[in-house]
1. Among Q29, G91, G229, which residue has its Cα positioned farthest towards the positive end of the charge dipole of the chain, with +1 placed on the Cβ of Lys and Arg, -1 on the Cβ of Asp and Glu, and the dipole taken about the Cα centre?
2. State, as an integer percentage, the relative contact order of segment 153-246 based on alpha-carbon contacts under 8 Å between residues 6 or more apart.
3. Please find the FRET efficiency linking L25 to D64, where r is the Cβ-Cβ separation and R0 is fixed at 51 Å, and quote it to the nearest 0.05.
4. Using Cα pairs under 8 angstrom and six or more residues apart, how large is the relative contact order of the chain, in percent?
5. Of the options L241, L214, A125, report the single residue whose Cα projects farthest towards the positive end of the charge dipole of the chain (beta-carbon charges: Lys, Arg +1; Asp, Glu -1).
6. Give me the lysines in straight-line cross-link reach of K137: C-alpha distance below 23 Å, same-chain residues under 8 apart excluded.
7. Roughly how many Å is it from the Cα centre of segment 63-83 to that of segment 134-163, as a whole number?
8. Please report C210, C231 as a ranked list, fewest other C-beta atoms within 10 angstrom at the top and most at the bottom.
Amino acid sequence: MVGTVDIGVLQALQEVQKFDEEIDLLSAQSAKLPHEAQATAIAQKIAEGERAIAKLQATMKVIDERVTTLDDKAIAARAKAVDEMTKIDKGEIDYRQMEAVTQDISAHAQRVEVAETQGLELLTAREEAERRIESIKQGIAELEQAKARILADYRQELATLATRAAQIAAQRDAKRTEVDDELLARYDELRSERGGVVVATFDGERCDGCSIALPTAIAEEFDAPGSVGICSECRRLLMYLGEDPA
Ligand SMILES: [Zn+2]
């Protein structure tokens, strides 16, 4: 497809390509914005915090169950001691049994004390777990705020980039009206096939897209300024603007 068009048309197509490159750059910038990754990292920390809270709550539940058991034990031991003391008071225990019963009472009292001490330790551990839950919850609230700020920044940056891209696209579309349809169709086809820069210039010897000297037979086809064809090496739209395009 070697033909000849007005040099002004080729220059317009070069500008179309430059606008498209700028738009490509902006879309690459949008894709490289760090906000999403940052928000994901924060969301992971929040999830870690929530798992830690669930674990602490499970621990608290176990503590509550143990405390209840210990309370029951203390109550039972105290009741047994009271029972024995009542028997002594009523004179139901004779002096030969007295020593054994007294020992029983003291054993019951010791069980009450052990249960109560263990219960207190557990309650201290429970309070500590509660404090940690509160502190983790506070950390999560701060992380949620940070995440919201990052996402708001992200939306703003994306909007800024999109606005710039739209402005450039408007300039590009205006410039496209200066290029004839057949050339535009070829350009669009190449852009959708390979993307990036699809227009190159021929300096009489080399294509500046791939820097390769064209075979003489092909180079000879670009015989006049305004000649346009396809580079035999890189398949870009190749245009010859003359020795010294002004
Ligand atoms: Zn080339």
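1. So the residue we want is G91.
2. Worked out over segment 153-246, it gives 22 percent.
3. 0.25
4. 34 percent
5. After comparing all options, I get A125.
6. Once the sequence-local lysines are set aside, what remains near K137 is K45, K55, K61, K147.
7. Going from one Cα centre to the other spans 51 Å.
8. C210, C231
Each reported figure results from applying straightforward, stated rules to the coordinates on display, with no laboratory input. Since the structure is predicted, the reported quantities are computational estimates derived from the model, not experimental observations. Neighbour counts are summed over all protein chains in view; Cβ atoms, including those assigned to glycine, are modelled from backbone coordinates with ideal geometry.
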